[in-house]
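Reviewing the structure listed below.
The values are calculated or read from the model by the stated rules, or taken from the named source; none is laboratory data. None of these values were measured; they are calculated from a predicted model. Reconstructed Cβ throughout: ideal geometry from the backbone, glycine too, with neighbour counts over all protein chains shown.
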Amino acid sequence: MQYINVANQGVKSLLPYQAGKPIEELERELGITDIVKLASNENPFGFPESAKKAIQAQLDHLTRYPDANGFELKEAIAKKFGVLPNQITLGNGSNDLLELFAHTFAGEGDEVIYSQYAFIVYPLVTKAINAVAKEIPAKDWGHDLNGFLTALSDKTKLIFIANPNNPTGNFLTEAELDTFLTKVPENVIMVLDEAYTEFTHPNERVNSFALLDKYPNLIVSRSLSKAYGLAGLRIGYAVSNPEIADLLNRVRQPFNCNSLALTSAIAVMNDDAFVEKVAENNRQEMKRYEAFCQQYGLDFIPSKGNFITIDFKQPAAPIYDALLREGVIVRPIAGYGMPNHLRISIGLPQENNKFFTALKKVLNLGNEK
Ligand SMILES: *Cc1c(COP(=O)(O)O)cnc(C)c1O
């Protein structure tokens, strides 16, 4: 028996998700220590102290189920962003939410639109429900919104746009999104995935919650895995009109967010100083990456996220392997159809220094261009 023949049609085309290599795995494989991981866009400052305290206080209560409605976290999010608790859906990481959007609004034969080089979870959730993926060829590695509009049909149920996008770092301005949304029919759900929004400069950040007032078909999804440093706990949230939130909350698993994630999220929601420190380090260090690439003639995609994607103009797999031997884990993105690129998460200054030194050694970049 070959069970792939039993799986639903869409599942047959799926490949396992390739996560960044864990530090412990590289330690085991190569017997080296002092490893720097710049592979999964994680927070380089470590787990926030405010969340540690919240977890300590929660430990004695773990015998109880978590609050199925996430009442206090929704209150904290609502207060911080000026939205209503009944607009919010909580997820076990925002990946859980992305899957929930697909389950709630699309089914077999329905069409889901996203871009080439978009976050790999969009094809995953689309294919897993046997929906039809409409992948729009990218323009300068980013979203071709006119292409999206052309692809709309009466079968279209969902649009996924990540802003900034992972793994390319491309960014759409509020004006571009606004113009686009005026042309998307109200019965098509538009998901704006803002996992990296905290890294954009406040002056250019999209005021996406204000767009919700104009576009009832918009869902904004956010993550606490990146700027907030809670990747290991799995927590994210979506904000939409209350009717959509109600539907999502019917479909989600009742206890999809665990008690430690909920309590930690409440703590970091009120920890603006931590997030600001993280974003500021990212802005400063991003400039150093850009300067480094310019100095050594390396082509990169300008990024508004907490990562930068470099085009080596040659297969990047050997460069990735050589960097591993130098104790630096970055992210190959051949699975995205970008075999010549590597994505590097922006770390702390000393981690980035280690990457620069390792890459210079690996590519033999002695002399400045
Ligand atoms: C990292 C990331 C997420 C967040 O995932 P979580 O499940 O919240 O950890 C969502 N969308 C994009 C584009 C990402 O890169």
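A compact table of results
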read-out: Count of the range 77-101 residues which are in a loop (DSSP other than H, G, I, E, B) and under 25 Å from residue 280 (Cα atoms); value: 2
read-out: Condition met for residue 130 (at negative phi and among the polar types (S, T, N, Q)); value: no
read-out: Hits in the range 107-121 - residues which are within 12 Å of the ligand (Cβ to nearest atom) and closer than 9 Å to residue 158 by Cβ; value: 114
read-out: Answer residue from the range 227-257, given it is surrounded by fewer than 20 Cβ atoms within 10 Å (Cβ to Cβ) and within 11 Å of the ligand (Cβ to nearest atom) and is farthest from the chain's Cα centre (by Cα) among those; value: 232
read-out: Qualifying positions in the range 1-40 - within 30 Å of residue 349 (Cα to Cα) and under 19 Å from the mean Cα position of the chain (by Cα); value: 17, 18, 19, 20, 21, 22, 37, 38, 39, 40
read-out: Residue among 161, 120 that is in contact with a strand residue (DSSP E or B) (Cβ under 7 Å, 6 or more places away or on another chain) and of a type in the set (Val, Ile, Thr); value: 161
read-out: Single residue of 279, 273 found to be on the phi < 0 side of the Ramachandran plot, over 20 Å from the mean Cα position of the chain (by Cα) and surrounded by fewer than 21 Cβ atoms within 10 Å (Cβ to Cβ); value: 273
read-out: Subset of the range 194-227 (residues that are of a type in the set (D, E, K, R) and either at pLDDT below 95 or closer than 28 Å to residue 46 by Cα (or both)); value: 194, 198, 204, 205, 222, 226
read-out: Any hit, the range 1-15, residues being among the small types (Gly, Ala, Ser), within 16 Å of the ligand (Cβ to nearest atom) and touching a residue at least 12 places away in the same chain (Cβ under 8 Å); value: no
read-out: Within the range 144-160, tally of residues that are over 23 Å from residue 104 (Cβ atoms) and either touching a helix residue (DSSP H, G or I) at 6+ places or on another chain (Cβ under 6 Å) or crowded, with 21+ Cβ neighbours inside 10 Å (or both); value: 2
read-out: Single unsatisfied condition, residue 135 versus (1) crowded, with 19+ Cβ neighbours inside 10 Å; (2) of a type in the set (D, E, K, R); (3) within 16 Å of the ligand (Cβ to nearest atom); value: (1)
read-out: Any hit, the range 176-193, residues being acidic (Asp, Glu), modelled with pLDDT of 95 or more and buried (at least 23 other Cβ atoms within 10 Å of the Cβ); value: yes
read-out: Residues that are of a type outside the set (A, V, I, L, M) and part of a loop (DSSP other than H, G, I, E, B), drawn from the range 184-207; value: 185, 186, 187, 194, 196, 200, 201, 202, 203, 204, 205, 207
read-out: Index of the failed condition, residue 264 passing every other in (1) crowded, with 21+ Cβ neighbours inside 10 Å; (2) within 16 Å of the ligand (Cβ to nearest atom); (3) within 23 Å of residue 163 (Cα to Cα); value: (3)
read-out: Residue within the range 66-76 that is assigned to a helix (DSSP H, G or I), more than 16 Å from the ligand (Cβ to nearest atom), in contact with a strand residue (DSSP E or B) (Cβ under 9 Å, 6 or more places away or on another chain) and under 28 Å from residue 170 (Cα atoms) present; value: no
read-out: Selection from the range 88-106 of residues that are within 13 Å of the ligand (Cβ to nearest atom) and hydrophobic (A, V, I, L, M, F, W, C); value: 90, 97, 98, 100, 101
read-out: Hey, residue 224 within 9 Å of the ligand (Cβ to nearest atom) and within 16 Å of the chain's Cα centre (by Cα) or not; value: yes
read-out: Residue pairs meeting the criteria (Cβ under 8 Å; at least 6 apart or on separate chains; first on the phi > 0 side of the Ramachandran plot and touching a residue at least 24 places away in the same chain (Cβ under 8 Å), in the range 22-33; second part of a helix (DSSP H, G or I) and exposed (fewer than 12 other Cβ atoms within 10 Å of the Cβ)); value: none
read-out: All helices (runs of 4 or more DSSP H) inside the range 254-369 with 1 or more residues being in contact with a strand residue (DSSP E or B) (Cβ under 6 Å, 6 or more places away or on another chain); value: 272-295, 317-325, 349-363
read-out: Meets criteria (among the hydrophobic types (A, V, I, L, M, F, W, C), more than 17 Å from the chain's Cα centre (by Cα), farther than 30 Å from residue 49 by Cα and within 16 Å of the ligand (Cβ to nearest atom)) for residue 212; value: no
